[in-house]
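Have a look at the structure below before the remarks.
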Amino acid sequence: MLFHNKKNFAKGLALLVSFTVVLVLIFSPVFNNDAGEKQNGLEYADDLFNKLAKGSSYFIPEMAKNVDKFKGKAIDVTVKLKDPAMVADATKILAIAGVAAQPKDGSLQVSGDLSKVLTLALAASDKMYNNDIAGVSALFENMDGQKAMKVLWNVQNMMVKELQKAKMIEEAGVVKRVNEKGIEPAFNFYGIKAENIMTKIPLAAGLLIFYVVYTMWYGYAIFDMFDGIGLSMKKSKVKKEV
């Protein structure tokens, strides 16, 4: 092989080999999680950032204050669930919350104090956020906790549309926010330990810096190897018209 620049080729090759060695280490189970189980680098980083994401997604106290403003606010809407099989569970859940729920042609006529439904949703969300699935189940009279939360989310999601149709915009807004900032983070992050970013700044910053450096590492390896064999990118000369 003819080299245009042996020194650059050797430097690029060394970078590529070291890049590959680090890549093998990244995919090797050399990291320990909180339970002492082995993880590879990607699993470890993913686990860390999931914990940090959960730690920044706790809005339940804030939402509880918003719900308090709607105490005694009566609603009377008919919601049609996408899955008719949820109607029986939804009827039970709404009765637990303390509002009337009457099945009607595959739909549910819901009437009563809006804050009671939302208060139950936030109480259950708080327990699920803290990975207390048994506590969630107890709130719903021993129903499957995750199933109950899914049903309640669906009821409230359909309730938003009906409240908007009834021109109850503020009420629709608070129901939507309880879903988005209460039930959804609790459900999606269930089973993950929450971490505060302030306690993990050095580690999180180190991982992000490593990602940038590691990406450049590969780029420079390829650039130097190509330059070493005479393949390089240069700005083309501008042709001057006569």
Any idea what log10 I(q)/I(0) is at q = 0.20, 0.22 Å⁻¹ for the range 58-188, Debye with uniform C-alpha scatterers and no solvent? -1.15, -1.40
Measure nothing but the geometry: give the 0 to 90° angle between the long axis through the Cα atoms of 201-228 and the longest principal axis through the Cα atoms of the chain, rounded to 10°. 40 degrees
Estimated 222 nm signal from helices in the chain, with DSSP H stretches of n ≥ 4 weighted -39500 (n - 2.57), rounded to 500: -19000 deg cm²/dmol
In sequence order, what are the phi-derived ³J(HN,Hα) couplings for the range 82-90 according to the Karplus relation 6.51 cos²θ - 1.76 cosθ + 1.60 with θ = phi - 60°, rounded to whole Hz, with x for glycine and proline? 5, 10, x, 5, 7, 4, 4, 5, 5
Flagged as over-length at 21 Å C-alpha distance, from K71/K150; K92/K150; K65/K200; K65/K127, the pairs are K71/K150; K65/K200
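Any idea what the dipole of the chain comes to, in debye rounded to 20, about its Cα centre with Lys/Arg Cβ at +1 and Asp/Glu Cβ at -1?
Numbers: 31 positive and 25 negative charges, 237 e Å.
Around 1140 debye, computed over the chain.
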With the cut-off at 1.5 for a/c, could you classify the range 134-186 from its C-alpha gyration tensor as rounded, prolate or oblate? prolate
Could I get the Rg over Rh figure for the chain? Both from C-alpha atoms, Rh via Kirkwood, rounded to two places. 1.25
Give the residue from V77, N188, A100 lying farthest towards the positive end of the charge dipole for the range 58-188; charges sit on Cβ (+1 for Lys and Arg, -1 for Asp and Glu) and the dipole is referred to the Cα centre. V77
Rounded to the nearest 0.05, what FRET efficiency is calculated for N130 and A35 with R0 set to 25 Å and r the Cβ-Cβ distance? 0.90
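Hey, got a sec? Which chymotrypsin sites (Phe, Trp or Tyr not before Pro) in the range 17-115 land in a DSSP loop and have at most 14 other Cβ atoms within 10 Å?
Numbers: sites: F19, F27, F31, Y44, F49, Y58, F59, F70; in loops: F27, Y58, F59, F70.
Answer by residue number: F27.
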Can you find, among L13, L120, I229, the residue farthest towards the positive end of the dipole of the chain? Put +1 on the C-beta of Lys and Arg, -1 on that of Asp and Glu. I229
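Quick note: the coordinates plus some simple rules give every number you see, no bench work behind them. Everything quoted here is computed from the prediction, not taken from an experiment. As a convention, Cβ positions derive from the backbone with ideal geometry for all residues, glycine included, and neighbour counts pool all protein chains shown.
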